[in-house]
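Peer 1: Below you will find the structure I want to go over with you.
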């Protein structure tokens, strides 16, 4: 379940539980979330049970306002259809819901992210002979372009995952898309929030750089800056991340992911 990071009322929160709890709290006040399986699903489920009972979960496979009967293993898992309020074709989902501007938050993951929030999910190393081949784009470029904002959960925070230059850009930020002169303008602001094992970074506007706004308990600002491949901006009032509540950890372990599919 990740490394223990904080003691709260009888529970020892792991890094995974902390990341999910931070993401869930960030969903307060959001209406419709385009999420994948894994930690984003955990975050939306936790938000529904704590800070935002009205938030809707949308999956790339076309399932809208999903209410999974158990923890899904993929976006094609039958449990995400059972209890859903609508199931659309992928063409309708992307053409009318996403591109129509009806998604408040898109959740994305990445192997690499740069200072402006561009993402790499294609490969690591040289394009002609990569060291690692990754899953690729999927719907991420469309989510990046059309969601009002994007949350990114990063499992690592080091120079490999936060490099000065991406090995490849799969999903360009508004900054990169504008600079290229080739892409369509973004509907939303791109990445607004990045949650890592060390802290939380935010971008205050569509053309701003990522800025460190909070560090997790036991982590210093200098540690985060040293783990980042560029000269990271730091907010004037960096705070210590609020730890998960006792109830949040109980929900994650005993009701949401009881089989530890993602809380490993």
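Peer 1: For the range 210-250, which residues satisfy the criterion of being over 27 Å from residue 174 (Cβ atoms), touching a helix residue (DSSP H, G or I) at 6+ places or on another chain (Cβ under 8 Å) and not in a loop (DSSP other than H, G, I, E, B)?
Peer 2: Answer for the range 210-250, where residues must be over 27 Å from residue 174 (Cβ atoms), touching a helix residue (DSSP H, G or I) at 6+ places or on another chain (Cβ under 8 Å) and not in a loop (DSSP other than H, G, I, E, B): 248, 249.
Peer 1: Across the range 108-134, what is the number of residues that are crowded, with 23+ Cβ neighbours inside 10 Å, modelled with pLDDT of 95 or more and not in a loop (DSSP other than H, G, I, E, B)?
Peer 2: Result for the range 108-134: 3.
Peer 1: So, one more: What residue, among those in the range 173-193 that are under 13 Å from residue 144 (Cβ atoms) and under 15 Å from the mean Cα position of the chain (by Cα), is surrounded by the fewest Cβ atoms within 10 Å (Cβ to Cβ)?
Peer 2: 189
Peer 1: Only one of these is under 22 Å from residue 108 (Cβ atoms) and modelled with pLDDT of 95 or more: 234, 224. Name it.
Peer 2: Working: 234 fails: under 22 Å from residue 108 (Cβ atoms).
Every option except 224 fails the conditions.
Peer 1: Considering 137, 92, which residue is farther than 27 Å from residue 264 by Cβ, touching a residue at least 24 places away in the same chain (Cβ under 8 Å), out of contact with any helix residue (DSSP H, G or I) (no Cβ under 9 Å at 6 or more places or on another chain) and surrounded by fewer than 20 Cβ atoms within 10 Å (Cβ to Cβ)? Show your work before the answer.
Peer 2: On the way: 137 fails: farther than 27 Å from residue 264 by Cβ.
On inspection, the qualifying residue turns out to be 92.
The values are calculated or read from the model by the stated rules, or taken from the named source; none is laboratory data. Everything quoted here is computed from the prediction, not taken from an experiment. For neighbour counting, all protein chains shown are included, and Cβ atoms are generated from backbone atoms with ideal geometry for every residue, glycine included.
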